[in-house]
1. Name the helices (runs of 4 or more DSSP H) wholly within segment 76-152 that hold at least 1 residues that are surrounded by fewer than 15 Cβ atoms within 10 Å (Cβ to Cβ), within 16 Å of the chain's Cα centre (by Cα) and modelled with pLDDT under 95?
2. Out of all the residues in segment 6-37, which are surrounded by fewer than 16 Cβ atoms within 10 Å (Cβ to Cβ) and either of a type in the set (D, E, K, R) or without any contact (Cβ under 8 Å) to a residue 12 or more places away in the chain (or both)?
3. Against the conditions (1) surrounded by 22 or more Cβ atoms within 10 Å (Cβ to Cβ); (2) part of a helix (DSSP H, G or I); (3) touching an Asp or Glu at 6+ places or on another chain (Cβ under 7 Å), where does His51 fall short? Just the number, please.
4. Only one of (1) within 24 Å of Ala208 (Cα to Cα); (2) free of Cβ contacts under 8 Å to residues at least 60 places away in the same chain; (3) outside any helix (DSSP H, G or I); (4) not acidic (Asp, Glu) fails for Ile3. Which number is that?
5. Do you know which residues across segment 169-191 are surrounded by fewer than 20 Cβ atoms within 10 Å (Cβ to Cβ) and either over 18 Å from the mean Cα position of the chain (by Cα) or assigned to a strand (DSSP E or B) (or both)?
6. So which of Thr152, Thr163 ends up being closer than 17 Å to Leu133 by Cα and touching an Asp or Glu at 6+ places or on another chain (Cβ under 7 Å)?
7. Need the failing condition index for Val70 against (1) part of a loop (DSSP other than H, G, I, E, B); (2) out of contact with any Phe, Trp or Tyr (no Cβ under 8 Å at 6 or more places or on another chain); (3) closer than 13 Å to Ala90 by Cβ, just the number.
8. Looking at segment 25-40, can you tell me whether even one residue there is in contact with a strand residue (DSSP E or B) (Cβ under 7 Å, 6 or more places away or on another chain), within 16 Å of Gly85 (Cβ to Cβ) and assigned to a strand (DSSP E or B)?
Amino acid sequence: MEIAVQDVDGVRVAAAGGADRVELCQALAVGGLTPSVGLVEVATTVGPDVHVLVRPRPGGFVYTATEVSVMVRDVEALVDAGASGVVVGALTLDDGAPALDRHALKALVRAAEGRPVTVHRCVDVLLGAPHRLEPADLVEQLLALGISRVLTSGGAPRALEGTPVLGALVGAAAGRLEIMAGGGVHPEHLAALAEAGVDAIHLSARAAATDAGPAGPGGGPDSYDRTDPDLVAAARAAIDAGAG
C-alpha cells in the first residue's frame with residue numbers, strides 16, 4: 001500500500017496506518033509537484049520508504065529540454081536527500097501521437113543512481129482512448145528503460161474502471177515490473193483491484209481540513225487537504241482482509 005502525501009504529518013499518518021511506502025509530493029490538488037529538499041530530508045526520518053515525485057509543473061507531460069534538465073537535477077538532489085526512490089514520467093509527440101520520452105526517462109533513471117524508479121500515470125495517456133497502446137508493448141518499453149514500477153489506472157479515469165487493462169499489464173509483466181493501481185482509489189475498490197492481480201495500490205487517502213487559520217488575500221483558500229488516518233486504516237484493513 002502506497003499513500004500519496006504532501007507533508008511530514010502525512011508521512012506520519014501513513015506510517016501509523018500501515019503504509020508500506022509513501023509517494024511524497026507537493027500540491028496534490030494539481031496532481032502533485034516536486035517537493036522541496038528540506039521536506040524530503042525530514043520525511044525520510046519519520047516514515048516508511050519515501051519515494052519522491054519529480055514533476056516540475058502542472059499540466060501535460062511533454063517537457064522541454066530545460067524542464068528535463070531541471071528534473072534530472074531534482075532527482076540527483078532528492079536522492080542525496082535520502083529518497084528511497086523516485087516517481088517520474090515524460091512523454092514526447094511522435095508524428096503528433098504521444099509516446100514515452102525515452103531520452104528523458106533514461107536520463108532520469110541514470111540520475112536515480114540505482115534507486116527504484118516508478119513511472120507515473122502519464123502512461124494512462126497512452127493506454128486510454130484514442131491511442132490504445134497495447135499493455136504488453138508498454139511493459140516491454142518500461143523494462144527496456146530500467147523502470148521498476150508503473151502507477152496506472154489502466155487508461156481509465158479511475159483504476160476501478162481500468163481493471164481489464166490492469167489485468168493485462170499484470171499478465172504481460174509476469175513479475176518483472178510492479179504494477180501499481182492508482183487513480184480515484186477508495187478502500188471499497190480494493191477487492192476488485194486485487195482480483196485484477198495488481199502488485200500494489202496507491203491512494204491519497206486525503207480529506208479537507210480547515211484548522212490552519214484564515215489564509216487572507218493572496219493566500220488561496222482557507223482549507224487544505226490532509227492525510228486522513230481513518231481512510232488509511234480502512235485501506236490497510238481492506239488489503240489485509242483480501243490477503244487473508
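1. Values: elements: 102-111, 123-127, 135-144.
So the answer is none; nothing clears 1.
2. The answer is Asp9, Asp20, Ser36.
3. All conditions pass for His51, except number (2).
4. Unmet for Ile3, out of (1) within 24 Å of Ala208 (Cα to Cα); (2) free of Cβ contacts under 8 Å to residues at least 60 places away in the same chain; (3) outside any helix (DSSP H, G or I); (4) not acidic (Asp, Glu): (2).
5. Correct list: Gly171, Ala172, Ala174, Gly175, Arg176, Glu178, Glu188, Ala191.
6. Details: Thr163 fails: touching an Asp or Glu at 6+ places or on another chain (Cβ under 7 Å).
Sole residue among the options that is closer than 17 Å to Leu133 by Cα and touching an Asp or Glu at 6+ places or on another chain (Cβ under 7 Å): Thr152.
7. Every listed condition holds for Val70 apart from (1).
8. Scanning segment 25-40 turns up no residue that is in contact with a strand residue (DSSP E or B) (Cβ under 7 Å, 6 or more places away or on another chain), within 16 Å of Gly85 (Cβ to Cβ) and assigned to a strand (DSSP E or B).
The values are calculated or read from the model by the stated rules, or taken from the named source; none is laboratory data. Computed from a predicted structure; not experimentally measured. We place every Cβ from the backbone using ideal geometry, glycine too, and count neighbours over all the protein chains shown.
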